[in-house]
Each structure stands twice: as C-alpha cells, then as structure tokens.
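To start, the structure under review is shown below, and the notes come after it.
The values are calculated or read from the model by the stated rules, or taken from the named source; none is laboratory data. No experiment lies behind these values; they were computed from the predicted model shown. Cβ atoms come from the backbone with ideal geometry, glycine included; neighbour counts cover every protein chain shown.
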Amino acid sequence: MAKMDLNGDDEKVNIETIFWSAMDLLSDDDKKLPQVSNMLPLLKRGIGVHHSGLLPILKEVIEILFQEGLIKCLFATETFSIGLNMPAKTVVFTNVRKFDGDRFRWLSSGEYIQMSGRAGRRGIDQRGICILMVDEKMEPSTAKMMLKGGADSLNSAFHLSYNMLLNQLRSEDGDPEKLLRHSFYQFQADRALPDLEKQVRELEIERSSMVIEDEESVKDYYDLLQQYRTLKKDVRDIVLSPKYVLPFLQSGRLVRVQYSTDESTFSIDENVSWGIIINFEKVKTNAEERRPEDCDYTVDVLTRCSVIKDISGKKTMKVIPLKSRGEPVVISLPLSQIDGLSSVRMYIPKDLLPVEARENTLRKVDEVLSRFAKDGVPLLDPEEDMEVKSSSYRKAARRIEALESLFEKHDIRNAPHIQQKLKLLHAKQEIKAKIKSIKKTMRASTALAFKDELKARKRVLRRLGYITSEDVVEIKGKVACEISSADELTLTELMFSGTLKDATVEQMVALLSCFVWQEKLQDAPKPREELDLLFYQLQETARRVANLQLECKIQIDVESFVNSFRPDVMEAVYSWARGSKFHQIMEMTQVFEGSLIRAIRRLEEVLQQLILASQSIGETQLEAKLEEAVSKIKRDIVFAASLYL
C-alpha cells in the first residue's frame with residue numbers, strides 16, 4: 001500500500017486543485033496542521049481516509065473527491081455509509097465485529113445491509129461486490145442472521161426530559177400527559193397487547209391440560225422442598241462465609257462440593273461429590289482494599305470432572321460424581337459451590353501435574369469414603385469446630401430439623417411416581433409465574449407510559465423551585481426551558497449560584513466544555529488550579545441534583561451522572577478562548593482534531609442557548625459576558641464554512 005498509486009497525472013492535478021481551493025478558506029497557520037499536510041500525498045495516489053476525528057473541511061473534501069471518482073480506495077468508518085449516495089463498486093469489511101461502547105459484538109443485519117448497500121448503485125452499476133474478511137470462527141447461524149436477516153426493527157427511543165416537560169408546562173395549550181399518550185412509544189406498548197393476551201390464553205390452556213393426581217398433597221410436599229432448599233442455602237451462606245471458613249481451607253482437607261445435572265431433581269438429597277482442597281485465593285477486583293472477611297474467594301479442589309473441548313480448543317470443566325467416568329482435575333470453585341468441610345485431612349503429593357498423581361490421590365479419597373460408608377464422612381461442626389456464632393444460623397438449623405421430621409411423616413414421600421409428579425408440578429408452577437409476569441407487563445402497557453416518571457420529575461422540579469405546586473413555571477424554570485444541548489438542571493443551578501457570573505469569560509467557557517465533552521481519555525492532564533476549583537463546584541452541584549432526583553424516585557446512578565461531566569479538554573478550550581492558534585491547543589491534548597472541533601461547536605450552541613435564557617430573565621450583564629464568549633471561540637478553522645453551502 002505504501003507504494004501503490006491508483007491515479008494518473010491528470011487526476012493528480014485535479015485533486016490538488018480541488019484540495020487547495022478548499023483549503024484557501026483556512027488561515028496560513030491552519031494549513032500547516034499535520035492532518036492537512038499529510039492528507040494530500042495520500043489523496044493524490046487515489047487513497048482516502050474518512051472518520052469522525054478528521055477536520056470537518058477535510059471530510060467534505062474527501063467526500064467530494066470520492067463522488068468525482070478521484071479516490072479509488074477509501075478507508076472509512078460506518079458513518080460514511082449513512083445516507084450518502086457514493087459511487088462505490090466494492091465494499092470490504094475488515095472485521096465483522098464492532099465495539100458498541102460496552103463490548104465487541106457481531107454486526108447486526110441492519111448494519112450489514114446499510115454498509116454493504118454502498119456497493120453498486122441501482123441503474124448505474126450492473127452489480128456491487130461485498131467482501132467479508134472473517135478472521136475468527138463464526139457459527140453458520142450468526143452468518144445467516146447477518147447476511148439474510150431482516151432490517152433492524154424500528155423502536156421508539158422516546159424519553160422524558162426536564163426541558164421538554166418545562167416547555168409543555170409553560171405553553172398555554174401544553175399537556176405532558178397528552179403528549180405521552182400520543183407518543184410512538186405508547187403506540188408500540190398498546191400494539192403489543194393482543195400478542196400478550198394470546199400468549200396468556202395459550203399458557204392457561206397448557207396449564208389446564210396438566211392434570212396431577214392428588215395435586216394438593218403434591219403441592220404441599222413441593223412447597224416443603226422449596227423451603228428446605230432455601231434454608232440449606234441460607235445455612236451454607238453463613239457457615240461458608242470467609243469470616244468462618246478461611247481458617248479451615250487447609251491443603252489436604254476433604255471437601256464436599258455441589259454439581260449440577262441436566263435434569264431437575266426433587267429430593268432432600270442434593271447432588272454432591274467429594275474432592276480434596278489444594279489451595280484457595282482471593283478474587284482480584286478493582287474495588288478499594290477490603291477486609292479479608294468481606295472479599296470473595298475461590299477454592300482449588302482436586303475432584304472428578306467431565307472435560308469437554310470445543311472446536312477452538314477451549315476446555316469446559318464440570319464437576320461429576322467421584323465414581324463416574326471423567327478426569328482427575330484441579331478445578332477452581334467459588335465458595336458458593338462448596339457444600340461442606342470434612343474434619344478429615346489427607347497427605348497430598350507436592351507435584352500434581354502428572355495425571356497418575358492426581359488419579360492416585362482421588363483413589364485414596366475414595367478409600368476414605370469407603371471406610372466411613374456406614375455413618376458418612378465426619379463433617380466439621382459449625383458451632384463447635386468452626387465457632388459460628390449467629391442467631392440466624394441457629395434459627396435456620398432448627399427449621400431444617402423441623403422440616404426433615406415433616407418429610408419423614410409426609411404421606412406422599414414414598415408414593416409411586418412421585419418424582420414425575422413433582423416435575424410436572426414444577427413445570428406448572430413455571431407456567432403460572434410466566435402468566436403472572438405477562439399480566440404485569442399488560443397492566444404496565446395499558447397504563448400511560450412514563451406516568452410514574454412524569455410524577456417523579458415534577459417532584460424534582462418543585463423541590464428545586466422550577467415550578468410551583470400548581471405547575472406554574474418559575475424564573476429558574478424559564479432558564480431551563482432554553483437549555484437543550486446540555487444538562488438543563490445542573491447548568492441552571494450553576495447559573496443561579498453565581499458561578500458563571502464570578503468566573504472570567506475564559507474560565508466560564510472552559511467550565512462549559514465539561515457539559516459537551518463526551519469521550520473518555522486515558523491519562524488526561526489535570527486542569528490548572530482555578531479551573532480545577534470550578535470543576536469541583538460543577539461536580540458538587542451535579543451530585544446535589546442527582547441525589548435530589550434519587551430521593552424523588554428517579555432511576556439514576558449518582559456517581560455515573562457526576563462522572564459524565566469530564567474536564568479532559570478544559571485546558572485546550574481555555575487556551576482557545578484566550579486566542580491561541582488551533583495547532584497550539586492540539587499540542588495540549590491527545591484528542592482528534594475533528595472531535596475537538598465538534599465539542600467547541602456544541603459549546604457555542606450551549607452559549608447561544610444561555611444568551612436566550614439570560615434575555616428571558618433580564619440578566620443583561622451575564623448576556624453580554626456570554627456574547628463575548630461566543631465572539632472569542634467562534635473563529636478560524638473551528639467555524640470554517642462548509643463546502644456544501
């Protein structure tokens with residue numbers, strides 16, 4: 001690619017002419033930016049790059065050159081595929097996964113259709129070629145879903161905002177409930193009702209068809225089993241908590257472990273196997289240092305396992321009964337999978353890497369189990385040996401003893417086909433729970449969408465003094481009505497606290513950049529002291545607003561909300577407002593040029609909204625300050641005119 005040249009001499013002349021005609025809009029300093037100087041040699045060879053981090057004017061030049069057929073090979077992100085009729089004959093996917101902000105996932109069918117649809121244009125090209133570069137194992141079902149699946153479904157992304165609510169309340173004809181009732185979100189909720197009703201009818205027919213002989217007695221026995229299992233789990237959670245169990249996790253101790261089976265069993269006898277403790281260790285987390293008894297632990301146990309390898313060679317290990325066919329494996333288990341600790345300890349060889357050593361050790365474990373076959377292997381007594389001093393444990397242990405005596409006396413315990421009856425009843429109970437869940441969804445669908453949230457948001461606005469108890473918009477509410485490009489409550493609170501008025505123009509602009517900057521930077525430099533103090537005031541205001549919303553039953557993560565205001569570009573924006581050149585502020589930060597320009601343009605939008613807010617409440621002094629801020633940032637390459645206008 002380094003030596004590839006896809007253009008002739010005439011095309012190179014045309015590219016250079018178009019490129020410099022566009023760049024004449026920039027100042028001499030901006031023409032020397034690395035992106036500008038490094039892009040032209042690539043473009044002349046017929047190769048282009050298009051992504052959101054590019055300077056807006058460069059992106060437009062590349063789009064124009066591609067439309068004119070002067071760029072033969074374009075490396076682009078998926079933004080290029082949205083709504084552009086570009087003359088591409090072939091689309092190449094270098095990867096079939098994308099990062100969605102949380103994880104790398106397969107492309108959806110809609111995304112694939114949108115991007116591959118750039119290849120070939122109807123009425124112009126006979127065909128379009130799409131190439132998928134797959135460098136990892138892909139299931140046939142995944143490929144089929146991607147290539148032949150339908151378009152992504154259109155779902156409402158409607159959400160309530162304080163700005164929208166205040167504007168509705170301020171308007172004479174405004175009615176927030178009417179707006180919600182006529183929303184697409186409500187339409188979708190109502191449309192789902194017939195399907196839900198059909199599901200309920202089908203499930204009720206299925207449940208009615210399940211006839212169980214002596215169902216009342218079976219149900220009574222089933223409920224006792226469920227109680228027994230819950231109590232046993234409660235006891236295990238207490239006894240095997242790190243506080244009590246850590247001193248007894250010595251190497252060589254016999255341990256009883258739980259294993260799962262494909263079929264559900266309904267008995268007081270649980271699925272347990274035996275093994276021998278090799279080691280235990282604390283689970284590493286990113287959380288702050290905690291006391292040993294508050295941490296999570298895993299226990300390395302030598303036991304019998306079934307080992308399954310998939311096509312990629314990845315092993316899946318599952319604990320099985322000691323006498324079943326399987327491999328002797330040292331497996332790492334959570335404390336929750338331990339069922340009990342024996343008072344018996346055994347010698348274990350130092351080297352357990354050879355299979356023979358592990359097999360011989362498990363053989364010795366089996367011999368110990370045979371020796372105690374009559375009365376069972378002795379277990380550590382929770383109260384006497386492990387010194388468990390808990391009233392909850394004693395209460396649960398007494399209830400377990402009472403239940404065990406009830407099981408002994410229960411009429412149905414030894415009835416024929418009891419396991420089949422319990423399985424059928426369990427299936428019936430699951431259907432009942434499913435019906436209950438669907439009916440709950442139906443009740444939520446028939447109710448007005450967001451009704452509870454609407455009430456909660458009104459409570460927030462009343463407590464902050466934005467509206468009266470009669471829903472009349474106050475002076476703070478009028479300010480929040482004008483702000484739609486930033487968090488309206490936090491920004492309004494900052495404005496009324498005097499923070500914006502007390503700061504200099506440059507400091508105010510730097511502070512407002514925290515509302516518009518969304519990207520997360522690693523190792524971003526800390527802003528200077530005076531800016532850091534302003535940022536601290538912003539964080540405290542945001543925390544107060546978030547805590548108030550939480551008190552009013554709004555679903556919000558306080559720390560996530562506070563951390564959404566980021567100081568990463570405060571220094572760069574501060575310098576820009578003080579008159580620095582664009583290439584100088586780019587040296588202060590690690591961000592792409594296009595990303596910073598986008599943030600400053602959004603910042604200008606916020607400033608314009610604050611100017612309107614100041615006008616609405618007669619704050620002439622702050623209005624003049626905000627207009628000065630706009631004049632300081634609205635210049636040069638950041639606000640260069642679009643080539644399409």
task: Can you confirm whether the range 218-240 contains a residue that is touching a residue at least 12 places away in the same chain (Cβ under 8 Å), outside any helix (DSSP H, G or I) and surrounded by fewer than 16 Cβ atoms within 10 Å (Cβ to Cβ)?
output: no
field: Enumeration of residues in the range 627-645 that are in contact with a helix residue (DSSP H, G or I) (Cβ under 7 Å, 6 or more places away or on another chain) and touching a residue at least 60 places away in the same chain (Cβ under 8 Å)
entry: GLU628, ALA629, LYS632, ILE633, ASP636, ILE637, VAL638, ALA640, SER642, LEU643, TYR644
- request: Mind listing whichever residues of the range 301-331 are in a strand (DSSP E or B), of a type in the set (A, V, I, L, M, F, W, C) and surrounded by fewer than 12 Cβ atoms within 10 Å (Cβ to Cβ)?
  value: ILE308
message: Exactly one of these conditions fails for ILE483: (1) within 28 Å of the chain's Cα centre (by Cα); (2) assigned to a helix (DSSP H, G or I); (3) not acidic (Asp, Glu). Give me its number.
response: (2)
- line: Counting only residues that are in a helix (DSSP H, G or I), at pLDDT below 85 and among the charged types (D, E, K, R), the range 185-214 contains a total of 2
message: Give all pairs with beta carbons closer than 9 Å in which a residue from the range 500-519 that is farther than 16 Å from GLN537 by Cα meets a residue that is outside any loop (DSSP other than H, G, I, E, B) and polar (S, T, N, Q); count only pairs at least 6 apart in sequence or on separate chains.
response: GLU506/SER575; TRP517/SER595; GLU519/SER595
task: Output the number of the condition that GLN518 fails; it satisfies all remaining conditions of (1) under 21 Å from THR492 (Cβ atoms); (2) in a helix (DSSP H, G or I).
output: (2)
query: Can you name the condition, by its number, that ASP173 falls short on among (1) charged (D, E, K, R); (2) in contact (Cβ under 8 Å) with a residue 24 or more places away in the chain; (3) loosely packed, with under 13 Cβ neighbours inside 10 Å?
result: (2)
field: Answer from ILE431, ILE438 - the residue that is at pLDDT 85 or above, within 30 Å of LYS553 (Cβ to Cβ), assigned to a helix (DSSP H, G or I) and of a type in the set (Val, Ile, Thr)
entry: ILE438
statement: With criteria (1) assigned by TED's automatic domain parsing to the domain that holds ASP300; (2) buried (at least 16 other Cβ atoms within 10 Å of the Cβ); (3) in contact with a Pro (Cβ under 9 Å, 6 or more places away or on another chain), ASN271 comes up short on (2)
query: Restricting to the range 491-507, what's the tally of residues that are assigned to a helix (DSSP H, G or I), among the polar types (S, T, N, Q) and surrounded by fewer than 20 Cβ atoms within 10 Å (Cβ to Cβ)?
result: 1
field: Residue tally, condition assigned to a helix (DSSP H, G or I), surrounded by fewer than 22 Cβ atoms within 10 Å (Cβ to Cβ) and among the β-branched types (Val, Ile, Thr), over the range 555-582
entry: 2
field: Residue match in the range 405-423 (condition: in a helix (DSSP H, G or I), in contact (Cβ under 8 Å) with a residue 12 or more places away in the chain, on the phi < 0 side of the Ramachandran plot and under 32 Å from the mean Cα position of the chain (by Cα))
entry: no
message: Looking at the structure I just gave you, is PRO382 part of a strand (DSSP E or B) and not hydroxyl-bearing (Ser, Thr, Tyr)?
response: no
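So that you can scan it fast, the table gives a plain yes or no per residue for (1) surrounded by 16 or more Cβ atoms within 10 Å (Cβ to Cβ); (2) out of contact with any Ser or Thr (no Cβ under 9 Å at 6 or more places or on another chain); (3) outside the structural domain of ALA88 (by TED's automatic domain parsing):
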residue	(1), (2), (3)
TRP106	yes, no, no
SER109	yes, yes, no
ILE113	yes, yes, no
SER116	yes, no, no
ASP125	no, yes, no
ILE129	no, no, no
PRO140	no, yes, no
LEU154	no, yes, yes
LEU160	yes, yes, yes
statement: If we ask which residues in the range 348-381 are under 22 Å from CYS305 (Cβ atoms) and in contact (Cβ under 8 Å) with a residue 12 or more places away in the chain, their number turns out to be 14
- request: Determine which member of the set TYR185, TYR244 is surrounded by 12 or more Cβ atoms within 10 Å (Cβ to Cβ), under 30 Å from SER156 (Cα atoms) and either within 38 Å of the chain's Cα centre (by Cα) or basic (Lys, Arg) (or both).
  value: TYR185
message: Cβ-Cβ distance below 6 Å, separation of 6 or more or different chains: which pairs start in the range 275-289 with a residue that is under 14 Å from ILE338 (Cα atoms) and modelled with pLDDT under 65 and end on one that is not in a loop (DSSP other than H, G, I, E, B) and not hydrophobic (A, V, I, L, M, F, W, C)?
response: none
message: So, SER116, is that one of a type in the set (Ser, Thr, Tyr) and in contact with a strand residue (DSSP E or B) (Cβ under 8 Å, 6 or more places away or on another chain) or not?
response: yes
query: Looking at LEU369, is it more than 44 Å from the chain's Cα centre (by Cα), modelled with pLDDT under 90 and hydrophobic (A, V, I, L, M, F, W, C)?
result: no
field: Within the range 348-379, tally of residues that are assigned to a loop (DSSP other than H, G, I, E, B) and within 30 Å of LEU225 (Cα to Cα)
entry: 7
message: Given the condition under 21 Å from the mean Cα position of the chain (by Cα), in the same structural domain as GLU605 (by TED's automatic domain parsing) and among the small types (Gly, Ala, Ser), answer yes or no: does some residue in the range 557-573 qualify?
response: yes
message: Quick check on the range 451-468. Is at least one of its residues more than 30 Å from LEU622 (Cα to Cα) and either among the small types (Gly, Ala, Ser) or outside any helix (DSSP H, G or I) (or both)?
response: yes
query: Looking at the range 508-530, which of its residues are crowded, with 21+ Cβ neighbours inside 10 Å and over 31 Å from the mean Cα position of the chain (by Cα)?
result: MET508, VAL509
